[in-house]
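First comes the structure, then the notes that go with it.
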Amino acid sequence: MTPLIGNEVARTTLAQAIESRALHHAWLLTGPEGVGKGQFARAAALRMLAVAADGAEGLPPGIDVPAEHRIARLFAAHSHPDYRELIRLPKDADKPGENVARSIKIDQVRQLIASFSTKPSLSQRRVVVIDSIDDVERPGAANALLKVLEEPPEGTIFLLVSHAPGRLLPTIRSRCRTLRFEALEDEQVRSILRRELSDAPEEEIAALVRAGDGSPGRALSFAGLEMAALEKELESIAADGDPTNAVRSRLSKLLGAKAAQPRYEAFLERVPSFIAERARTLEGPALRQALDSYTAARDLSGIAVGLSLDSTATIFEMAGMVAKIAPVRGE
């Protein structure tokens, strides 16, 4: 597996629990999306299964398992009989990664529950990762899962990834021990981007770090979209307000075409966070204006694609919200 970076406290907490074998049956991994919770859950699942099967002797400290370990080979081949994973599935099985369902369906939870009718195969341990628990269909699938968490099968550990734990059923949260993951430092995000995008120029890496805002997953989702160029345009508008509308018109033309849809969506996602970054340096009336612009940009960004709003007009309007945070001339 790719080495984990950041969130040492959460990693150490679970590693110590695995080592002591005093494992709570359900762990809720919370924090911003894209900071590595899912990757950590899978790494922890592998460690639990390896320790349960062969003991901890010969394993490095922490939660890593060498790739040559027999359990790691099974895990990498997706053939470990005591590991289960629930994720949103593609609507067409022949097109993995495309047109993914909006939720984890109740049929998936029922299949998971049915698998508990047999004992684990390679040890006394079974591990279930749900990435993410936020996506579990409500109320049916969530209630079915709750029953399992209330009366867990012997030897079964649940690792539940959540980006928004406040939206979960309180009864699900109450059955879990929480591990909190934080946004990563810029240098940690930069390190991950350099590893994953070794050919990217430094200017683009710097723009991705800013756009990621502590989330390497989010930053990587913008890879290949020339974020540095978009960042320069936003900085230009924020600096002088774009009094002639030249930058706004250029962006509307550049991002409004169908072929530019990925960059358009990246622009929609980036503008609210760009305004939020600027707001942190402001005070008084300027701060109030920035907060109003942030709210308006966030709301428009959230509905633009789903409602198929005119992209050209939306881009112009979103860029206009950035223009409102520009310093007033003469100040």
| Of all residues making up segment 280-331, the number that are more than 25 Å from LEU255 (Cβ to Cβ) and under 30 Å from the mean Cα position of the chain (by Cα) | 6
| said: Against the conditions (1) touching a strand residue (DSSP E or B) at 6+ places or on another chain (Cβ under 9 Å); (2) open to solvent by 20 Å² or more (accessible area, probe 1.4 Å), where does MET48 fall short? Just the number, please. | reply: (2)
| note | Of the residues in segment 298-317 that are in a helix (DSSP H, G or I) and hydroxyl-bearing (Ser, Thr, Tyr), the one that is surrounded by the fewest Cβ atoms within 10 Å (Cβ to Cβ) is THR312
| request: Could you tell me whether segment 138-151 includes any residue that is open to solvent by less than 70 Å² (accessible area, probe 1.4 Å) and in a loop (DSSP other than H, G, I, E, B)? | output: no
| task | State which residue is nearest to SER103 (Cα to Cα) when the search covers only segment 129-152 and only residues that are touching a residue at least 60 places away in the same chain (Cβ under 8 Å) and of a type in the set (A, V, I, L, M, F, W, C). | result | ILE133
| Criterion violated by GLU33 - all others in (1) charged (D, E, K, R); (2) in contact (Cβ under 8 Å) with a residue 60 or more places away in the chain; (3) open to solvent by less than 80 Å² (accessible area, probe 1.4 Å) satisfied | (3)
| request: Please state which one of ALA17, ALA67 is open to solvent by 30 Å² or more (accessible area, probe 1.4 Å), hydrophobic (A, V, I, L, M, F, W, C) and at pLDDT 90 or above. | output: ALA67
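Conditions (1) under 24 Å from ASP135 (Cα atoms); (2) not aliphatic (A, V, I, L, M), marked per residue:
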| site | (1), (2) |
| --- | --- |
| GLU8 | no, yes |
| HIS24 | yes, yes |
| GLU33 | yes, yes |
| GLY38 | yes, yes |
| PRO61 | no, yes |
| LEU74 | no, no |
| ALA77 | no, no |
| query | Which residue out of ARG88, ARG102, ARG126, ARG110 is in contact (Cβ under 8 Å) with a residue 40 or more places away in the chain and open to solvent by 70 Å² or more (accessible area, probe 1.4 Å)? | reply | ARG88
| field | Options GLU233, GLU277: the member that is acidic (Asp, Glu) and under 24 Å from the mean Cα position of the chain (by Cα) | value | GLU277
| request: Assess whether ILE275 counts as being touching a Phe, Trp or Tyr at 6+ places or on another chain (Cβ under 8 Å) and β-branched (Val, Ile, Thr). | output: yes
| Hey, GLU68 part of a loop (DSSP other than H, G, I, E, B) and more than 17 Å from LEU4 (Cα to Cα) or not | yes
| request: Determine whether GLU150 is more than 25 Å from GLN39 (Cβ to Cβ), of a type outside the set (Phe, Trp, Tyr) and modelled with pLDDT under 95. | output: yes
| Got at least one residue in segment 44-62 being under 25 Å from the mean Cα position of the chain (by Cα) and over 30 Å from LEU169 (Cβ atoms)? | yes
| query | Any idea how many residues of segment 152-168 are surrounded by fewer than 17 Cβ atoms within 10 Å (Cβ to Cβ), part of a loop (DSSP other than H, G, I, E, B) and under 21 Å from the mean Cα position of the chain (by Cα)? | reply | 1
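The values are calculated or read from the model by the stated rules, or taken from the named source; none is laboratory data. This is a predicted model, so every value here is computed, not measured. Backbone-built Cβ (ideal geometry, glycine too); neighbour counts: all protein chains shown. Just the protein is used for accessible areas: all its heavy atoms, side chains included, with ligands, DNA and RNA removed. Shrake-Rupley method; radii C 1.70, N 1.55, O 1.52, S 1.80 Å.
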